[in-house]
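S.K.: Mind having a look at this structure? Questions to follow.
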Amino acid sequence: MTDDIPSQAELARRLQYTARLAVVGKMASGAAHELNQPLNVIRMAAFNLKRAIQKNRLDPELALEKLARIDEQVTRAARLTAGMKAFSPTALSQDIVLRPSDAIAAALELLAKRFSAADAELHYQPTDVACEVQAAPTALQEIIFNLVDNAVEAFIRQGPQEVDVAEQSNPRIIGVAESVAEGIFKLVITDNAGGIDPEKRTALQAPFATEADDGTHPGMGLAICHEVVAGLGGSFDLSSDSIGTTATLCFPVRCSAVE
């Protein structure tokens with residue numbers, strides 16, 4: 001008996017599925033870390049309120065401040081879990097109307113732990129133009145996770161950042177900038193991680209290509225980004241120099257229907 005050998009297309013499909021599962025794993029790890037913060041704030045605020053009531057020292061004004069802080073942290077926790085919920089099988093079954101900035105902000109919040117691991121700073125510039133796009137719930141999260149994670153990994157490969165107290169060190173920056181003009185949403189993701197070797201740049205955009213040599217990255221990130229952006233009816237461009245890499249994505253959005 002001989003085993004059926006999967007075709008190259010089937011292997012690519014399986015590897016792409018594996019790559020997307022890796023994104024979910026990183027999101028779950030980030031969510032677990034980030035959720036601890038609002039939960040700790042809520043626990044401390046509730047504890048302080050409980051003690052004040054037990055000692056009959058409840059200050060109504062202070063109590064309202066504590067409750068407002070609890071409400072703020074509940075909202076943050078809900079935003080984090082909503083980002084994870086987008087990857088559930090039920091949510092993936094159909095496209096929905098979403099606001100790009102909301103999806104991007106949620107993904108970046110879940111990536112906070114990754115920025116810390118790379119000693120990198122996030123410079124995020126959201127647009128103030130309200131707009132919508134019909135897309136898969138995970139579309140923009142996948143783009144953010146793959147492109148930003150590529151920048152994070154580039155910094156990590158450089159090793160811990162050396163800080164020279166005698167000289168001002170150059171901070172590691174990952175920039176995410178949004179803009180909307182004439183019905184086109186533009187997302188620009190930049191880093192100063194030293195760029196990509198020109199000879200590798202084109203090859204890295206193909207499936208299975210990766211600069212990681214530890215087997216942890218299947219090399220489907222940029223291929224997935226191309227697929228997602230194409231599904232949005234947009235364009236994707238990757239450029240690089242000796243300073244860093246810039247990814248530019250553009251896709252049409254609806255602005256008039258948003259209040």
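S.K.: Please give the FRET efficiency for Glu227 paired with Val188, using the beta carbon to beta carbon distance and R0 = 22 Å, rounded to the nearest 0.05. Please report the intermediate quantities before stating the final value.
M.R.: Numbers: r = 20 Å, r/R0 = 0.89.
According to the calculation, E is roughly 0.65.
S.K.: Kindly write out, for region 100-112 in residue order, the coupling ³J(HN,Hα) from the Karplus curve 6.51 cos²θ - 1.76 cosθ + 1.60 (θ = phi - 60°), rounded to whole Hz, with x marking Gly and Pro.
M.R.: x, 4, 5, 5, 5, 4, 5, 5, 5, 5, 6, 8, 3
S.K.: Moving to a separate point now. What full-extension length gain, to one decimal in nm, is calculated for Ala112 and Ala52 as 0.36 nm per residue of separation minus the Cα-Cα distance? Could you put the intermediate results ahead of the total?
M.R.: Values: separation 60, 0.36 × 60 = 21.60 nm, distance 3.43 nm.
Value of the extension gain: 18.2 nm.
S.K.: Report the extension gain between Asp59 and Gln161 in nm, rounded to one decimal, defined as 0.36 nm multiplied by the number of residues separating them, less their alpha carbon distance.
M.R.: Numbers: separation 102, 0.36 × 102 = 36.72 nm, distance 4.72 nm.
Stretched fully, the Asp59-Gln161 segment lengthens by 32.0 nm.
S.K.: Please list 3J(HN,Hα) in residue order for region 40-47, calculated via the Karplus relation 6.51 cos²θ - 1.76 cosθ + 1.60 where θ = phi - 60°; whole Hz, with x for glycine and proline.
M.R.: Residue by residue, region 40-47 yields 5, 5, 4, 4, 5, 5, 5, 4 Hz.
S.K.: Taking 0.36 nm per residue of separation and subtracting the Cα-Cα distance, what length does fully extending Gln134 through Arg69 add?
M.R.: Extra length from Gln134 to Arg69 when fully extended: 20.0 nm.
S.K.: Next up: Using a basic spin-label model with each label point 7 Å from the Cα along Cα→Cβ, how many nm lie between Asp241 and Val97?
M.R.: In this crude label model, Asp241 to Val97 measures out at 4.2 nm.
FYI, it's all coordinate maths here, none of it is from the lab. Predicted, not measured: the structure shown is a model, and the values here were computed from it. Positions of Cβ are backbone-derived with ideal geometry, glycine not excepted, and every protein chain shown enters the neighbour counts.
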